[in-house]
Structures are given as C-alpha cells and as structure tokens.
Amino acid sequence: MSEKSSTVHLEADDIVAGLRRLDIAPGSGLIVHSSLSSFGYVHGGAQTVIDALKEVITDDGTLLMPSFNHGAAFGAKGQGHYDPRTTPTTNGAIADLFWRQPDTYRSLNPTHAFAAWGKNARRYIETHHKTLTMGPESPLGRLHADGGSCLLLGVDYRSNTFHHAVEMARGVACLGQRTEAYPVVLADGTHVQ
C-alpha cells in the first residue's frame, strides 16, 4: 500500500461528527490549539476545520484561538511592529486563517494575541493589551470564568495555553509580569510606541 493511499481523508461532516462525539454543543466556549497536518487530508483544508467548529458551537458560542507571533514581528525578519490586520501567527495554518475570517476579532497583545469569533468575541479580546497576557481579564481568563474548555486537535498538551489561565486564577506563580513594550499599529492605522 502506498503512503498516499493510506492517508486519512476527512470531509467537513467527519469533523462535525467527531466534535459532537466529544459533547461539544451549541453555545460552547472553546480555546482551540490545532495542527492541520495531523488530520491527514482535509477536503477544503483549514477552512473546513474552522467551519466545522463554528457549525458545532454556533454563534451562541465563542471560538478562541491563539494568534501568537512569539516576538517574530520584532526579530530580524519581522516588520518591526505588531499589526492585528497583517502580522501572521506562528500557531499553524488553522489559527493563521482563523484570525483573518469575517467577524473574527484579534487582540492587540503584540506577541501573544488571541483571535475570537462568536457571542463573546469582542468582550474576550477588547482589553487584552491592557491586562496580563494570560491573567483573569485576558481572553483565556474570561473564557475560564465563563466555564469554557480547551480542545487540542492534533497537538499534545505542550501546546495548551489554557492551563495558564487556571494557574493565574489560582495564584500559581507560573508566568512573570509583562516587562517589555513593543510598537503596535491600531486598526485605524495609527502607530503606537
């Protein structure tokens, strides 16, 4: 059997059925970490995975994904600033396409932005740049307070950031305070240092 013929082929209906078997329901709040290549072949690629997630949680739920650049925007090959409209994420194909979707909002955290869609999208990301990256008022903290869950699609636990919100809520000294400032371009094109 050739390698190509042994590759798993998935359609949108397969992904939707799998999500429902996990008891993900309309109105769910999810932070999703993912790897498209781990799926095998997905007809329609990353868009199919995003559409399946939205179909299952509906717009009564909230879908959150990391949209981090991990400082790459400020490195030797970066653009020298973070722009929520153009700075790519280093979190894979699904997350990078997700923040570019209509009605999806992206936070202004210059290195660890989140993207959100659905009922609480704006509320989750609107003040992320004014609070601790993973603290109680961050997108993850708000999802945690609302009883949200984490879904790991084809990645292991090391990719999970949701545990940081739980650690912060419990007062565990897991992450330091932000001590760096980076230039950001606002949605209206204004540059802020």
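The values are calculated or read from the model by the stated rules, or taken from the named source; none is laboratory data. Being a predicted model, the structure only gives us computed values, none of them experimental. Here Cβ is always computed from backbone atoms with ideal geometry, including for glycine, and neighbour counts include all displayed protein chains. Protein only, heavy atoms only, side chains kept; ligands, DNA and RNA dropped before computing areas. Shrake-Rupley method; radii C 1.70, N 1.55, O 1.52, S 1.80 Å.
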Between residues in the range 13-38 that are more than 20 Å from N160 (Cα to Cα) and of a type in the set (D, E, K, R) and residues that are buried (at least 19 other Cβ atoms within 10 Å of the Cβ) and at pLDDT 95 or above, which pairs lie under 8 Å by C-beta distance while being six or more apart or on different chains?
R20/V56
Taking the range 113-165, which residues are closer than 20 Å to D83 by Cβ, open to solvent by 30 Å² or more (accessible area, probe 1.4 Å) and of a type in the set (F, W, Y)?
W117
Which of the residues spanning the range 38-79 are open to solvent by less than 40 Å² (accessible area, probe 1.4 Å) and closer than 21 Å to N109 by Cβ?
T62, L63, L64, M65, P66, S67, F68, N69, G71, A73, G75, G78
Within the set of pairs 6+ apart or on separate chains, which have a first residue in the range 133-153 that is among the β-branched types (V, I, T), a second that is surrounded by fewer than 19 Cβ atoms within 10 Å (Cβ to Cβ), and C-beta atoms under 9 Å apart?
T133/T111; T133/L175; T133/R178
Would you mention how many residues in the range 31-64 are under 25 Å from R158 (Cα atoms) and touching an Asp or Glu at 6+ places or on another chain (Cβ under 9 Å)?
5
Can you report the number of residues in the range 69-111 which are modelled with pLDDT under 90 and under 10 Å from the mean Cα position of the chain (by Cα)?
1
